[in-house]
Amino acid sequence: MEQNQRTDYILCECPLDNLTGFVGDLSVHYPLNLLKAPRLCLTMIQAEDSVEYQPFYLGEALTTTCEVAINKTVGYGICLGDEPERAYCLAVLDAVMALNDAQAPAIDRFLAEQLRLIQHREETELSHIMRTKVDFKLMEQA
């Protein structure tokens, strides 16, 4: 998975409380300017035909977008659903990561910790799902 996709995945899947807490601590170091407040919109979802590899639009998805600026560095946030806090946090982190300043190691540590939590949650979910799996070979023996 590409680094940007990995970062987006982590930030969209991590618990909102963790994200808002981290961004709140991080934002005290920067002069934030809210350019576009979080708002709902519809976004076209593009897919690719698996036979002819032609792009087509699957449909629309409800998303929340936000735009902030730190000095002249603009950050954008977009996420699926009605999540204004997450979109704001994504925009702030996008701007801070573009600065690539002294906060970069703290962001990397936060992303690594959140990825670990997400992986643990997914493993737990998978183990619960696997407990419900039916073994049809055992059923044939009866």
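The values are calculated or read from the model by the stated rules, or taken from the named source; none is laboratory data. These figures come from a predicted structure and were not determined experimentally. Ideal geometry is used to build each Cβ from the backbone, glycine not excepted, and the neighbour counts take in all protein chains shown.
Below is a table of values for the structure above.
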| read-out | value |
| --- | --- |
| Residue within region 38-60 that is outside any strand (DSSP E or B) and within 26 Å of A106 (Cα to Cα) present | no |
| Candidates R6, R39, filtered to the one that is within 20 Å of Q103 (Cα to Cα), modelled with pLDDT of 90 or more and surrounded by fewer than 16 Cβ atoms within 10 Å (Cβ to Cβ) | R6 |
| Counted residues, region 63-81 - those being charged (D, E, K, R) and assigned to a strand (DSSP E or B) | 1 |
| Extreme residue, farthest from the chain's Cα centre (by Cα), among residues of region 54-87 that are over 23 Å from N100 (Cβ atoms) and hydroxyl-bearing (S, T, Y) | Y57 |
| Count - residues of region 82-118 that are outside any helix (DSSP H, G or I) and at pLDDT 95 or above | 2 |
| Matching residues, region 10-37, being outside any loop (DSSP other than H, G, I, E, B) and β-branched (V, I, T) | I10, T20, V23 |
| Lone unmet requirement of (1) without any contact (Cβ under 8 Å) to a residue 24 or more places away in the chain; (2) closer than 17 Å to N71 by Cα for A112 | (2) |
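A quick yes/no check of all residues on (1) touching a residue at least 12 places away in the same chain (Cβ under 8 Å); (2) farther than 27 Å from H120 by Cβ; (3) in contact with a Phe, Trp or Tyr (Cβ under 9 Å, 6 or more places away or on another chain); (4) loosely packed, with under 13 Cβ neighbours inside 10 Å:
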{"site": "T20", "(1), (2), (3), (4)": "yes, no, yes, no"}
{"site": "P31", "(1), (2), (3), (4)": "yes, yes, no, yes"}
{"site": "Y53", "(1), (2), (3), (4)": "no, yes, no, yes"}
{"site": "G75", "(1), (2), (3), (4)": "yes, yes, no, no"}
